[in-house]
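Quick notes on the structure that follows.
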Amino acid sequence: MGEEEILAELNERLDHTIEAFRREAGKLRTGRAHPGLVEHVRVEYYGNPVPVTQVATVAVVDPRLLSIKPWERNMCGPIEKAILASDVGLTPNNRGDVVLVPVPAPTGDRRREMVKILKRLVEEAKVSTRNARRDANEMSELLENLPEDDLHKLKKKIQDIVDAAGKRLDSLEHSKEGEILEV
């Protein structure tokens, strides 16, 4: 494994970490309706649990209302039950051919709680970036025929890449925190 492979693997791991953070942060309710609120809800479909997006179209009707239109009319009941049983904390309204999901504005306490969860998610992502940096540094030390100066330069590149990922995480955290605290 050479320098380029180490840096490419590091970039890939950091991109996965940032994408995982985006997905988890997207699940936090901001009081605004978006399809990500129910994407992970699994619905019983002919005996198999599948994501709601595989049996219905999820659309935003207005900033506080989601519309879930199943492709098969008989799926409204199972979708409603799945949302009620999930951890999203929303109460769906089954209209027969469509399930409407109102998204209430969170209380001040709930907003502060979500910010704490966001901080925990960011810290987990940063731990993952530090682990990726450690692994890249260990791999770089195993490179044979690499002069000490080049090893130092490679470690500096690794640190720069990790710092850039940390700044991206901070930026994502800051914007998500703004969404959460926005009234």
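Every read-out reported here was derived from the displayed coordinates using simple, explicitly stated rules and does not represent laboratory data. Just so it is clear, the model here is predicted, and its values are computed rather than measured. For neighbour counting, all protein chains shown are included, and Cβ atoms are generated from backbone atoms with ideal geometry for every residue, glycine included.
Miscellaneous remarks
- Taking the three principal axes of the alpha carbon atoms in the chain, the coordinate ranges are 71, 40, 22 Å, sorted in descending order.
- A DSSP coil position with no more than 13 other Cβ atoms inside 10 Å describes the following GluC sites (Glu not before Pro) in region 147-183: 182.
- Check: the chain dipole with +1 on Lys, Arg Cβ and -1 on Asp, Glu Cβ, in debye: 1180 debye
- Under a Gaussian network description of the chain, with springs only between Cα atoms under 10 Å, the residue in 25, 33, 105 that fluctuates furthest is 105.
- Relative contact order %, the chain, counting alpha carbon pairs below 8 Å whose residues are six or more apart: 26 percent
- Extension gain for residue 20 to residue 100 (0.36 nm times residue separation, less C-alpha to C-alpha distance): 26.0 nm.
- For region 109-119, backbone phi angles converted through the Karplus equation (6.51, -1.76, 1.60; θ = phi - 60°) give residue-by-residue couplings of 5, 5, 4, 5, 5, 5, 5, 4, 5, 4, 4 Hz, Gly and Pro being listed as x.
- Those GluC sites (Glu not before Pro) in region 1-61 that DSSP places in a loop and that have at most 16 other beta carbons within 10 Å: 39
- Counting all C-alpha pairs of region 35-102, share separated by more than 18 Å (%): 22 percent
- Computed helical MRE - 222 nm, the chain, DSSP H runs ≥ 4 contributing -39500 (n - 2.57), nearest 500: -20000 deg cm²/dmol
- At R0 = 25 Å, FRET efficiency that the Cβ-Cβ distance of residue 48 and residue 93 yields, to 0.05: 0.45
- With contacts taken as Cα pairs under 8 Å and at least 6 residues apart, region 35-102 reaches a relative contact order of 28 percent.
- Reachable lysines from residue 156, criterion Cα separation under 27 angstrom, eight or more residues apart if same chain: 126, 167
- Applying 0.36 nm per residue to the separation of residue 73 and residue 123 and subtracting their alpha-carbon distance, the gain on full extension is 13.7 nm.
- Estimated FRET transfer efficiency when R0 is 35 angstrom, pair residue 5-residue 174 (beta carbons, to 0.05): 0.60
- Positive dipole terminus of region 31-93, leading residue within 33, 84, 52 (C-beta point charges): 33
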